[in-house]
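One structure is given below, encoded as structure tokens.
Any read-out appearing in this document is the output of simple, stated calculations on the displayed coordinates, not a laboratory observation. This structure is a prediction, so every number in the text was calculated from the model and none was measured. Please note: Cβ atoms are built from the backbone with ideal geometry, for glycine as well, and neighbour counts cover all protein chains shown.
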Amino acid sequence: MNEYGEIVNMWRNWDVSSADAIDYRLNNFRILFAYHSGRIENQAITFNDTREIFENGKVINYTGDPRAIFELGNQKLCYEFLKRKIAQKEPLTARLVLETHNILTSGTYDERRYIERGERPGAFKKHDYVTRREEVGSMPEDVPRDIDELLTELLDIPRDGLIKAAAYFHLRFEYIHPFADGNGRVGRALMNYLLIINNHPPIIVHDEDKAQYYAALEHYDRTEEIIPMCEFLAAQTIITWRKTLGREGKRSTQN
């Protein structure tokens, strides 16, 4: 069995059926995920600030960008929110997409989006925003339908097709670009939600690997081909959980 398969089996042997069990297994992951996911789009975010927010709920003597602190606080609130949903095995719905966006982007919209354009956290975009080199993005009036179609496609995922489903979800979500802001943070959080409720380990998209990440997104924009993102997510799964797999293997040998 390859390393990726060993990590998936390790996760499937764990109990993650309750909020407490999820906390136990994701204690370090939740901080690292928030740090890397936030930093991909906001370089003002630091690991120490992220850890302080998650462990103490505040940062002492902070003099940096206020938006970074709002985003980190929102990441912590989103983890707590999704953790309860995971424990209840709630399906991924359009309502959950909007609730997640509301939590992750509350207080972070700039003046132009919020006041001039009337955009709001927890609501699909009202104006046309294009993204990346291919200038992708659904028209605002098409977003609810496109999101519903995407979620319907994911109702029946084969047990051995989870990384493919996660890649497809994330690629299509970012292609649709349903919000005025926060699409990346929401897409990465909900990709992990989809993985966990289907008994697959969540993934950190590491900031230092974001060039490969964006390349996979742009490859899909041009070709609708998902293989580069599948390969990228499988590799990131290994990076995310390799140390834990090593500790678990050592423990089982000793026992």
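The residue of the stretch 103-119 that is nearest to the chain's Cα centre (by Cα), among those that are over 16 Å from residue 173 (Cβ atoms) and crowded, with 18+ Cβ neighbours inside 10 Å, is 103. Filtered by the rule that a residue be within 29 Å of residue 84 (Cβ to Cβ) and in a loop (DSSP other than H, G, I, E, B), the stretch 1-18 gives 13, 14, 15, 16, 17, 18.
Taking the stretch 212-248 as the range and being within 17 Å of the chain's Cα centre (by Cα) and within 18 Å of residue 135 (Cβ to Cβ) as the test, the residues that pass are 214, 216, 217.
Count of the stretch 111-120 residues, restricted to those that are touching a residue at least 40 places away in the same chain (Cβ under 8 Å) and in a loop (DSSP other than H, G, I, E, B), is 2. The residue list 82, 92 contains one member that is assigned to a helix (DSSP H, G or I), on the phi < 0 side of the Ramachandran plot and either under 18 Å from the mean Cα position of the chain (by Cα) or acidic (Asp, Glu) (or both), which is 82.
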